[in-house]
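A.B. asks: One structure follows; several queries about it will come next.
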Amino acid sequence: MILYHGSTIEVSEPQILTTEKGRDFGFAFYTTDIKEQAERWAKRRAEIKSKMFGQKFCGIVNVYEWNENSTCRKKAFDGANIEWLEMVVKCRSNPDYKHDYDIVCGKIANDNVGETISYVLQGIMRKEDAIERLKFEKINNQIAFCSKNALEQLTFIKSYKVES
């Protein structure tokens, strides 16, 4: 399966970064099977870095082949359900939380979804109500590689630039 990762650099050797807290499935290397989504991520990262450093950055999409094997513990969520929401809430609210999976596949808690999740975290909204609300959101896919063993399943193919 072909996967994509949006960045501002070529990432020929993916790594798990522990500097980005509050990610949906914890510390991991995040990819998607949706090319356009990775291109949007790359453009967004380039815009943020350009503003931050006062110089022009270019978005880079990295392309990988995922050679899936059965030695990894994998969790695939079927849509935005209670189990998915509980994992996202745990991972976003507790940087020390560590699940037992090498790879997690599921929906992305984008800005609109993130707002709903923040309501759950603050105790403003029940999880069941949040799931009902999320049924109306168009939520994209992500595949998080959460262990060194999982990263070994990725083979770098190429990278390409995307302009803002």
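The values are calculated or read from the model by the stated rules, or taken from the named source; none is laboratory data. Not measured: the values here are computed from a predicted model. Note that each Cβ is placed from the backbone with ideal geometry, even for glycine, and that neighbours are counted across all protein chains shown. The accessibility values were calculated without ligands, DNA or RNA, using every heavy atom of the protein model including side chains. Shrake-Rupley method; radii C 1.70, N 1.55, O 1.52, S 1.80 Å.
A.B. asks: Where the convex hull is taken over the Cα atoms of the chain, what is its projected area averaged over directions, in nm²? Display every interim value, and only then the final one.
C.D. replies: Values: hull surface 39.1 nm².
Convex hull of Cα atoms, orientation-averaged projection: 9.8 nm².
A.B. asks: Which chymotrypsin sites (Phe, Trp or Tyr not before Pro) in region 55-164 pass both tests, a DSSP loop state and at most 13 other beta-carbon atoms within 10 Å?
C.D. replies: Values: sites: F57, Y64, W66, F77, W84, Y97, Y101, Y119, F136, F145, F156, Y160; in loops: F57, F77, Y97, Y101, F136.
Counting only loop positions with at most 13 other Cβ atoms within 10 Å, the chymotrypsin sites (Phe, Trp or Tyr not before Pro) in region 55-164 are Y97, F136.
A.B. asks: Can you pull out the GluC sites (Glu not before Pro) in region 51-119 that DSSP calls coil and that have at most 14 other Cβ atoms within 10 Å? Before the final figure, lay out the partial values.
C.D. replies: Details: sites: E65, E68, E83, E86, E115; in loops: E68.
Here the GluC sites (Glu not before Pro) that fit, given the DSSP loop and packing criteria, are E68.
A.B. asks: Also, quick follow-up: Compute the angle between helix 35-53 and the longest alpha-carbon principal axis of the chain, please, reported from 0 to 90 degrees and rounded to the nearest 10.
C.D. replies: 80
A.B. asks: Moving on. Counting pairs of Cα atoms in region 49-106, how many percent are more than 13 Å apart? Don't skip to the answer; put the middle values down first.
C.D. replies: Values: 1232 of 1653 pairs.
The proportion of pairs with Cα distances above 13 Å equals 75 percent.
A.B. asks: For every other residue with a beta carbon closer than 12 angstrom to the beta carbon of E83, add +1 if it is Lys or Arg and -1 if Asp or Glu, then tell me the sum. Mind showing how you got there, number by number?
C.D. replies: On the way: positive: K75, K90, K107, K127; negative: D78, E86.
Taking every Cβ under 12 Å from that of E83, the sum is +2.
A.B. asks: Using the Cα centre as the reference, give the magnitude of the dipole from point charges on the C-beta atoms of region 44-102 (Lys, Arg: +1; Asp, Glu: -1; all else neutral), rounded to the nearest 20 debye.
C.D. replies: Working: 11 positive and 9 negative charges, 100 e Å.
Dipole of region 44-102, to the nearest 20 debye: 480 debye.
A.B. asks: Grab the DSSP H runs of the chain that are 4 residues or longer, score each as -39,500 (n - 2.57), total them, divide by all residues and round the 222 nm result to the nearest 500 deg cm²/dmol. Intermediate results must be reported in sequence, preceding the final value.
C.D. replies: On the way: 5 runs with 54 residues, N = 164.
One gets -10000 deg cm²/dmol as the mean residue ellipticity at 222 nm.
A.B. asks: On to the next question. For region 1-73, what size does the Cα cloud have along each of its three principal axes, sorted from largest down, in whole Å?
C.D. replies: 45, 24, 20
A.B. asks: Using only alpha carbon pairs under 8 Å that are at least six residues apart, calculate the relative contact order of the chain and give it in whole percent. Intermediate values should be presented prior to the final figure.
C.D. replies: Details: 323 pairs, mean separation 56.6, N = 164.
Computed over the chain, the figure is 34 percent.
A.B. asks: Also, quick follow-up: Give, rounded to the nearest 20 debye, the magnitude of the charge dipole that region 1-81 has about its Cα centre when Lys and Arg contribute +1 at Cβ and Asp and Glu contribute -1 at Cβ.
C.D. replies: Values: 13 positive and 11 negative charges, 84 e Å.
Computed about the Cα centre, the dipole is about 400 debye.
A.B. asks: While we're looking at this one, here's another question. Heavy atoms only, 1.4 Å probe, whole protein assembly: order D78, D24 by accessible area, highest first. Provide the component values of the computation, followed by the final result.
C.D. replies: On the way: D78 145, D24 10 Å².
So the residues, ranked largest to smallest area, are D78, D24.
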